[in-house]
Amino acid sequence: MPTIKINDVELSVNPGTLVLDACRTVGIDIPHYCYHPALTPVATCRMCLVEIKGQPKLATSCTTTVPPAPKDNPEAVVMEVFTNTPAVADARAGVMEFLLMNHPLDCPICDQAGECKLQDYSYHYGSGDSRMAEVKRRYRYEDLGAKIVIDKNRCIHCTRCVRFTKEISGGYELTVAQRGSRLEVTTYTGKSLDQNPYAGNVVDLCPVGALTSRDFRFRKRVWYLKNTPSISRHSALGSPIWIDHEGNQIHRFRPRPLEGKETTHFISDAERYAYVHYNRQDGAPAPLLKGAPASLDAIREAFQAAGPVAVIGQGTFGCDTAQRLGDLAASEGLRYGSGDKTIPAVLPKYQTSEDGILNRRGFTERGYRFGALEELQAKVQKGEVKAVVLLHDAAFTSAKEAELLGQILKAAAFSLAFEVEASDLGRMATAWLPITSYAEESDFIVNHEGELRRYQKALQAPKGVRTLPAWVKELAAVPAAV
Ligand code: SF4
Ligand code: FES
């Protein structure tokens, strides 16, 4: 591996490594706008300039690569980079002045305020001054369909959004038009981003507040939000996300890219906007027995008197939940898996599985058998299984599977359903208990590639709602002597 020096610190990196990435490995963050690890570098913003010994002009670190070591001297230092010289500082201040020339001073009403790279870099690298005496150019904000709003006044022409629709989502909806100070990001005539199932990513990619999400626009100042690491429940990918929440309400899901894992940079709009399902509208649902509110003691008594138990676990819940649910089964062979949602792969490079069941692998590793519900139905009809316990979320069950599950519940002498909110299927069970949503608990899953992914509790569950392991402990408890 060739050796390079960055501000007199020596390090060995693979030939072809971008200087910007090499700087990161020694803890030097180079300011940048147009560079993004998942997009082709274009070196348009000029914010990442560094000094390279022997080169007459400053170089863009997002496009300059480390050369290979000479064959006759593999130990030689092949490049000396400086990121803290007066020339670099001067260039950064100059670039900031250019970028801010037409940028409005509307931070107090801008959604990006608090996570804006213009604000951050202006503070760290800007001169604090402007020689712009002319009137700034003005545009009205425009809808790019129902999901995205563009405010071109704020755009710094980094073209990240344009490259995303060209290189990643492939719909070519965005382009740049005009020249010079009139340059603008716009859509090809008649196109909106509505047909793009990954459109929400342009908002994350925009380093300033030019592209905003209609869903989040003017709703919350970002500094009030708490960020909890989690995963998307949408598919067997278990895409890492941030849950941004405040006041026990989720305000948005955002991708949480993992180092070196390019597929984690983007999430689909279906995943992004799924957060609304995890905000409870009503208070705590009550435990039910035969359709009426009931005490835990009454449900426990009915459960313990029921006879041999089989469990049906939908593979969209965590591994700890799967394990504790499995403990209720009369034998290991009586653990059945459910959930049959599939997701067509729109972007096969990013969506590496069409399985819509998040933790199928984790459930399978814990002895759950998927595709065997008919076998359970036969056992219930023969009276070999008297009681069935169902862990269920209606969003991941097809009408066909729901019908089969309903027949199993009806045939069993006793049935118990665990759900976040009572569904038509859940109400068919003899007893029903409210469990925490995945945003209200911490657990982990094993995704379809065998990677363990954890998610953390973001919201407080209402009083009376418990995790499934907590309910299982209660159901197994010996009733107190009277
Ligand atoms: S809208 Fe945002 S992402 Fe697109 S070019 Fe302008 S600044 Fe860059
Ligand atoms: S990040 Fe290198 S020129 Fe924009």
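The values are calculated or read from the model by the stated rules, or taken from the named source; none is laboratory data. The structure displayed is predicted, hence computed values, not measured ones. As a convention, Cβ positions derive from the backbone with ideal geometry for all residues, glycine included, and neighbour counts pool all protein chains shown. We work out accessible area using only protein heavy atoms, side chains counted, and drop any ligands, DNA or RNA first. Shrake-Rupley method; radii C 1.70, N 1.55, O 1.52, S 1.80 Å.
Condition check for residue 339 on (1) modelled with pLDDT under 95; (2) on the phi < 0 side of the Ramachandran plot: one failure, at (2). Selection of segment 315-340 for residues being open to solvent by 10 Å² or more (accessible area, probe 1.4 Å) and either touching a Cys at 6+ places or on another chain (Cβ under 8 Å) or of a type in the set (Ser, Thr, Tyr) (or both) yields only 331. Filtered by the rule that a residue be under 16 Å from residue 400 (Cα atoms) and surrounded by 15 or more Cβ atoms within 10 Å (Cβ to Cβ), segment 361-371 gives a lone residue, 370.
Of the residues screened, residue 69 is not one that is part of a loop (DSSP other than H, G, I, E, B), within 16 Å of ligand 1 (Cβ to nearest atom), farther than 30 Å from residue 217 by Cβ and outside the structural domain of residue 260 (by TED's automatic domain parsing).
The residue that is nearest to ligand 2 (Cβ to nearest atom), counting only those in segment 60-87 that are under 22 Å from residue 120 (Cα atoms) and in contact (Cβ under 8 Å) with a residue 40 or more places away in the chain, is 62.
Does any residue of segment 124-139 turn out to be among the hydrophobic types (A, V, I, L, M, F, W, C) and within 16 Å of ligand 2 (Cβ to nearest atom)? Full working, then the answer.
We begin by selecting, within segment 124-139, every residue among the hydrophobic types (A, V, I, L, M, F, W, C); these are 132-133, 135.
From the residues that got through so far, the ones that are within 16 Å of ligand 2 (Cβ to nearest atom) too are none.
Taking every residue of segment 124-139 in turn, none turns out to be among the hydrophobic types (A, V, I, L, M, F, W, C) and within 16 Å of ligand 2 (Cβ to nearest atom).
Do you know which residues across segment 196-223 are acidic (Asp, Glu) and more than 24 Å from residue 122 (Cα to Cα)? Answer for segment 196-223, where residues must be acidic (Asp, Glu) and more than 24 Å from residue 122 (Cα to Cα): just 215. Of all the numbered requirements in (1) in a loop (DSSP other than H, G, I, E, B); (2) touching an Asp or Glu at 6+ places or on another chain (Cβ under 7 Å); (3) not polar (S, T, N, Q), residue 87 misses one, and that requirement is (1). Considering segment 89-110, and only residues there that are at pLDDT 95 or above and of a type in the set (Asp, Glu), the residue that is least open to solvent (accessible area, probe 1.4 Å) turns out to be 97.
Residues in segment 394-425 that are assigned to a helix (DSSP H, G or I) and not small (Gly, Ala, Ser): 396, 400, 401, 403, 404, 405, 407, 408, 409, 410, 424, 425.
Condition first: basic (Lys, Arg), within 16 Å of ligand 2 (Cβ to nearest atom), open to solvent by 20 Å² or more (accessible area, probe 1.4 Å) and in contact with a Leu (Cβ under 8 Å, 6 or more places away or on another chain). Can you find one or more residues in segment 163-183 that meet it? Please lay out each step first, then the result.
At the first step, the residues of segment 163-183 found to be basic (Lys, Arg) are 163, 166, 179, 182.
Filter again for within 16 Å of ligand 2 (Cβ to nearest atom), leaving 163.
Subset that is open to solvent by 20 Å² or more (accessible area, probe 1.4 Å): none.
Taking every residue of segment 163-183 in turn, none turns out to be basic (Lys, Arg), within 16 Å of ligand 2 (Cβ to nearest atom), open to solvent by 20 Å² or more (accessible area, probe 1.4 Å) and in contact with a Leu (Cβ under 8 Å, 6 or more places away or on another chain).
Residues that are β-branched (Val, Ile, Thr) and within 14 Å of ligand 2 (Cβ to nearest atom) occur in segment 41-48; there is at least one.
Scan segment 385-393 and give yes if some residue there is part of a loop (DSSP other than H, G, I, E, B), open to solvent by 10 Å² or more (accessible area, probe 1.4 Å) and under 17 Å from residue 325 (Cα atoms), otherwise no.
Going through segment 385-393, the residues part of a loop (DSSP other than H, G, I, E, B) turn out to be 385-386, 392-393.
This time we only want the ones that are open to solvent by 10 Å² or more (accessible area, probe 1.4 Å), so: 386, 393.
With under 17 Å from residue 325 (Cα atoms) added as a condition, the list becomes 386, 393.
There is at least one residue in segment 385-393 that is part of a loop (DSSP other than H, G, I, E, B), open to solvent by 10 Å² or more (accessible area, probe 1.4 Å) and under 17 Å from residue 325 (Cα atoms).
Taking the criterion of being in a helix (DSSP H, G or I), modelled with pLDDT of 95 or more and open to solvent by less than 10 Å² (accessible area, probe 1.4 Å), the residues of segment 441-482 that qualify are 468, 471. Scanning segment 26-65 for residues that are acidic (Asp, Glu) and either buried (at least 19 other Cβ atoms within 10 Å of the Cβ) or touching a strand residue (DSSP E or B) at 6+ places or on another chain (Cβ under 8 Å) (or both) yields a count of 1. Within segment 263-314, the set of residues being surrounded by fewer than 15 Cβ atoms within 10 Å (Cβ to Cβ) and hydroxyl-bearing (Ser, Thr, Tyr) comprises just one member, 295. Given the conditions (1) surrounded by fewer than 16 Cβ atoms within 10 Å (Cβ to Cβ); (2) out of contact with any strand residue (DSSP E or B) (no Cβ under 8 Å at 6 or more places or on another chain), which single one is not true for residue 143? Every listed condition holds for residue 143 apart from (2).
Could you tell me whether segment 7-14 includes any residue that is part of a helix (DSSP H, G or I) and under 27 Å from residue 163 (Cβ atoms)?
As a first pass, look at segment 7-14 and keep what is part of a helix (DSSP H, G or I): none.
So far as segment 7-14 goes, no, none of its residues is part of a helix (DSSP H, G or I) and under 27 Å from residue 163 (Cβ atoms).
For segment 96-205, the helices (runs of 4 or more DSSP H) that sit wholly inside it and include 2 or more residues that are more than 30 Å from residue 343 (Cα to Cα) are 117-125.
Are any residues in segment 399-411 open to solvent by 10 Å² or more (accessible area, probe 1.4 Å) and touching a residue at least 24 places away in the same chain (Cβ under 8 Å), and if so, which ones? I'd like the intermediate steps shown before the answer.
Kept after step one, since they are open to solvent by 10 Å² or more (accessible area, probe 1.4 Å), are these residues of segment 399-411: 399-404, 407, 410-411.
Once the filter is applied, which keeps residues that are open to solvent by 10 Å² or more (accessible area, probe 1.4 Å) and touching a residue at least 24 places away in the same chain (Cβ under 8 Å), segment 399-411 yields 400, 401, 404, 407, 411.
In segment 211-242, how many are part of a loop (DSSP other than H, G, I, E, B) and either within 16 Å of ligand 2 (Cβ to nearest atom) or within 29 Å of residue 447 (Cβ to Cβ) (or both)? Spell out how you get there, then give the answer.
Of segment 211-242, the ones part of a loop (DSSP other than H, G, I, E, B) are 214-221, 225, 232-239.
Add one more test, that the residue is either within 16 Å of ligand 2 (Cβ to nearest atom) or within 29 Å of residue 447 (Cβ to Cβ) (or both), and what stays is 215-216, 225, 232-239.
Residues flagged as part of a loop (DSSP other than H, G, I, E, B) and either within 16 Å of ligand 2 (Cβ to nearest atom) or within 29 Å of residue 447 (Cβ to Cβ) (or both) within segment 211-242 amount to 11.
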